[in-house]
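Here's the structure, in structure tokens; my notes come after.
The values are calculated or read from the model by the stated rules, or taken from the named source; none is laboratory data. This is a predicted model, so every value here is computed, not measured. Backbone-built Cβ (ideal geometry, glycine too); neighbour counts: all protein chains shown. Ligands, DNA and RNA are stripped out before the accessible areas are found, and what is left, the full protein with its side chains, is counted by its heavy atoms. Shrake-Rupley method; radii C 1.70, N 1.55, O 1.52, S 1.80 Å.
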Amino acid sequence: MDIIKIAVILFYCASLISLIYCKTFNDTSYLARQLKKIPPDVLPRLNQNEFVNVSITAFIASILDYNEVSGTLQAVVTYYLTWTDEMRRWNSSAYGNVSSINLPITSTWIPEISVNNMVRQKTILMYHNDMEIRKAYVNYKSDGSAVFLLGGAQELSCSSDVKYFPFDSHACSIELITTHALDNVIITSAIKTIDLTYGVPNPKWSITENVVQSNVYVYSSK
């Protein structure tokens, strides 16, 4: 009986909220069209001489394999990128109280980041076909806060040391680096370690230690 009462109350509150803050298809579509008019290749800063600070959190979902001979690590990695976009801000009350919107990465600005020690492709964008690219979005809040979530399987080149085989230990890195021509983007880590909260254990290999370092140089950040 109590459960039914709670369910009814929650539904009623949700109904009231939707009546007050309801955003329509027309409102969302109109806002999307306005934001897509902003050139995606232009830095999201009112002052184009300013830097864009991109904060990154990395998650390792699983270690697929590590090859001691070739020194290659295969891991499933997810990246959570955040930054502030000064060009894509809006007054939500002028757009039917739309406070959040998704824009395709093909129609908006995203940072150009490479994985420096990836074996094959270097880009952080790990898409396999056009459909995956078209379904990839950046989420924006009305204050310009941007969130971009991406990931996939990566094959990374590491230094192999089999001196103590089969009880060997190896150091491997994921080297992210900016690739913008004028380097107006600075990447930094949101936390001091790679997040292993949602990682699936590997029966052969275990992560004994992990640390994240951020370095900002004259022409790039890493």
Heavy-atom SASA rank of Phe59, Phe51 (probe 1.4 Å, accessible area, largest first): Phe51, Phe59
Relative contact order for the range 69-167: what percent, with Cα pairs under 8 Å and sequence separation of 6 or more? 49
With the crude spin-label approximation of a point 7 Å out along Cα→Cβ, what separation in nm comes out for Ser214 versus Asp143? 1.9
Express the C-alpha Rg of the range 87-211 as a ratio against the empirical globular expectation 2.2 N^0.38 Å, rounded to two decimals. 1.38
Quick one: of Lys36/Lys192; Lys37/Lys141; Lys192/Lys222; Lys141/Lys192; Lys36/Lys135, which pairs are farther than 23 Å apart, Cα to Cα? Lys36/Lys192; Lys141/Lys192
Probe of 1.4 angstrom, ligands and nucleic acids ignored: what's the accessible area per residue over the range 30-104, in square angstrom? 48
Carbon and sulfur together cover what percent of the accessible area of the range 13-145 at a 1.4 Å probe radius? 54
What percent do you get for the relative contact order of the range 167-222 when only Cα pairs under 8 Å and 6+ apart count? 47
Sort Thr78, Thr106 from largest to smallest accessible area, using a 1.4 Å probe on the heavy atoms of the protein chains. Thr106, Thr78
